[in-house]
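Visitor: Once you've had a glance at the structure underneath, I'll fire off some questions.
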Amino acid sequence: MQNLKIGWIGLGKMGIPMAEQLINAGYALSVYNRSKDKEASLKARGVEVASTPSSLLAECDLVFLMVSDDEAVKQIFTAENGLFANESTGKIIVNMSTVSPGISKEMAALCVRKGNAYLDAPVSGSVKQAETGTLVIMVGGEENAFEKVKPVFEKLGKLSMRVGDNGAGNSAKLAINSLLALHAQGLAETVLFAQANQINTEDLLTLIGNSAIGNIFGKIKGDAIVADNYSAAFALKHIVKDLKLAKAEGLSAPLANAALATFQNAENKYGNEDIIAVLKALKEK
Ligand code: NAP
């Protein structure tokens, strides 16, 4: 696929570093973003910018999406200048956004009707993993399309795994993100409890990091807590979206229900800050 032209739609916190990985790997890339200002840094590097999703699809063999939610995906596919505004066949569209299995199945059916293939391929990992090409990619869709895209996935992630048909990648991602929410709330509650008992936060995080429950997420978010830096790597509003999607897919369990309530309470004030800003909301309670 190295000689194939790749299109990239969605230049947010994740989309920019992921697109940059592909440019660095030598792929010819063309990009599109709804807000034009976010295209500027790539344009300055000589990357082609398409004026609409449909013109991007027309000139590319493979098009990736990394956008917010179901609504964004639907617009990119079906708006006036959306992907299929003009006839395009034989393309593979890879949706890496965290969205519902339902929208993936719907868009996959549309792709097939139009003579194209669709993969849902959401990622685990955040901006740091996107910048270093070490994401974990879970894929739903046809084996054949997965095998064709795999060399590109290998530039974006340390692992790409097909887990089933269209929608299965999204289901796997929602399961993982419900655990992510529990980790974030658990870390925040643990830090606040220790602080209330006069335990130094850095000491606590060093102890956790060296214990059996230490993990990369705790290290990154622990550093953010110590630095009092809550600027979004993974915006808190996105975990509310993901927990709602998981609930709609049938997740109704004691911890998941509590996490949804906690993050929903925090969303109004802290939705655009990082997921670990849940600590500030819990502290205020
Ligand atoms: P972000 O920074 O908020 O960027 C969102 C992107 O979606 C922007 O390019 C935005 O365009 C576009 N978009 C939103 N609504 C749109 C619409 N109606 N039509 C067209 N484009 C639209 O989000 P992000 O953090 O990169 O996350 C992207 C996806 O990856 C989300 O599904 C998120 O849950 C998932 N994810 C994020 C992380 C993370 O750590 N950040 C990790 C794993 C997965 P504009 O620039 O015009 O607003």
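Visitor: Taking the range 113-127, which residues are near the ligand (Cβ under 9 Å from one of its atoms) and open to solvent by 10 Å² or more (accessible area, probe 1.4 Å)?
Guide: Once the filter is applied, which keeps residues that are near the ligand (Cβ under 9 Å from one of its atoms) and open to solvent by 10 Å² or more (accessible area, probe 1.4 Å), the range 113-127 yields SER124, GLY125, SER126, VAL127.
Visitor: Between GLU87, GLU131, GLU80, GLU142, which is surrounded by fewer than 21 Cβ atoms within 10 Å (Cβ to Cβ) and closer than 25 Å to GLY164 by Cα?
Guide: Testing whether each residue is surrounded by fewer than 21 Cβ atoms within 10 Å (Cβ to Cβ) and closer than 25 Å to GLY164 by Cα leaves just GLU142.
Visitor: Quick one: which residue in GLU87, GLU39, GLU48, GLU80 is of a type in the set (Asp, Glu), within 11 Å of the ligand (Cβ to nearest atom) and on the phi < 0 side of the Ramachandran plot?
Guide: So the residue among GLU87, GLU39, GLU48, GLU80 that is of a type in the set (Asp, Glu), within 11 Å of the ligand (Cβ to nearest atom) and on the phi < 0 side of the Ramachandran plot is GLU39.
Visitor: Something else: Taking the range 229-247 only, how many residues are touching a Leu at 6+ places or on another chain (Cβ under 9 Å), within 14 Å of LEU174 (Cα to Cα) and touching a residue at least 40 places away in the same chain (Cβ under 8 Å)?
Guide: 5
Visitor: Being out of contact with any Lys or Arg (no Cβ under 9 Å at 6 or more places or on another chain), in a loop (DSSP other than H, G, I, E, B) and of a type in the set (A, V, I, L, M, F, W, C) is the filter here; which residues of the range 230-260 pass it?
Guide: LEU251, ALA253
Visitor: Let me ask you something else. Being among the small types (Gly, Ala, Ser), modelled with pLDDT of 95 or more and either farther than 21 Å from PHE217 by Cβ or in contact with a strand residue (DSSP E or B) (Cβ under 7 Å, 6 or more places away or on another chain) (or both) is the requirement here; does SER68 meet it?
Guide: yes
Visitor: Let me ask another. Which one is most open to solvent (accessible area, probe 1.4 Å), of the residues in the range 186-198 that are among the small types (Gly, Ala, Ser) and over 12 Å from LEU255 (Cα atoms)?
Guide: ALA196
Visitor: Consider ALA108 against the criteria (1) open to solvent by 10 Å² or more (accessible area, probe 1.4 Å); (2) farther than 29 Å from ILE216 by Cβ; (3) more than 11 Å from the ligand (Cβ to nearest atom): it satisfies all of them except one. Which criterion is unmet?
Guide: Status for ALA108: all satisfied but (1).
Visitor: Answer yes or no as to whether ILE225 is more than 16 Å from the ligand (Cβ to nearest atom) and either farther than 23 Å from MET14 by Cβ or not in a helix (DSSP H, G or I) (or both).
Guide: no
Visitor: Return yes or no: is GLU20 more than 16 Å from the chain's Cα centre (by Cα), charged (D, E, K, R) and open to solvent by 50 Å² or more (accessible area, probe 1.4 Å)?
Guide: No, not satisfied.
Visitor: Assess whether ILE137 counts as being of a type in the set (A, V, I, L, M) and over 13 Å from the mean Cα position of the chain (by Cα).
Guide: No: the conditions fail for ILE137.
Visitor: Filter the helices (runs of 4 or more DSSP H) completely within the range 5-96 down to those with at least 1 residues that are among the β-branched types (Val, Ile, Thr).
Guide: Passing ranges, in order: 15-24, 70-78.
Visitor: Any residue at all in the range 61-77 that is more than 26 Å from GLY102 (Cβ to Cβ), in contact (Cβ under 8 Å) with a residue 24 or more places away in the chain and not polar (S, T, N, Q)?
Guide: Yes.
Here's the yes/no breakdown for (1) surrounded by 14 or more Cβ atoms within 10 Å (Cβ to Cβ); (2) touching a residue at least 40 places away in the same chain (Cβ under 8 Å); (3) among the small types (Gly, Ala, Ser):
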residue: ASN170; (1), (2), (3): yes, yes, no
residue: ALA184; (1), (2), (3): yes, yes, yes
residue: LEU205; (1), (2), (3): yes, no, no
residue: ILE216; (1), (2), (3): no, no, no
residue: LYS219; (1), (2), (3): no, no, no
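The values are calculated or read from the model by the stated rules, or taken from the named source; none is laboratory data. Note that the coordinates shown come from a computational prediction; the quantities given were computed from them, not determined experimentally. Using ideal geometry, Cβ is built from the backbone for each residue, glycine included, and neighbour counts are taken over all protein chains shown. For the accessible areas, the whole protein counts, side chains as well, though only heavy atoms, and no ligand, DNA or RNA atoms are used. Shrake-Rupley method; radii C 1.70, N 1.55, O 1.52, S 1.80 Å.
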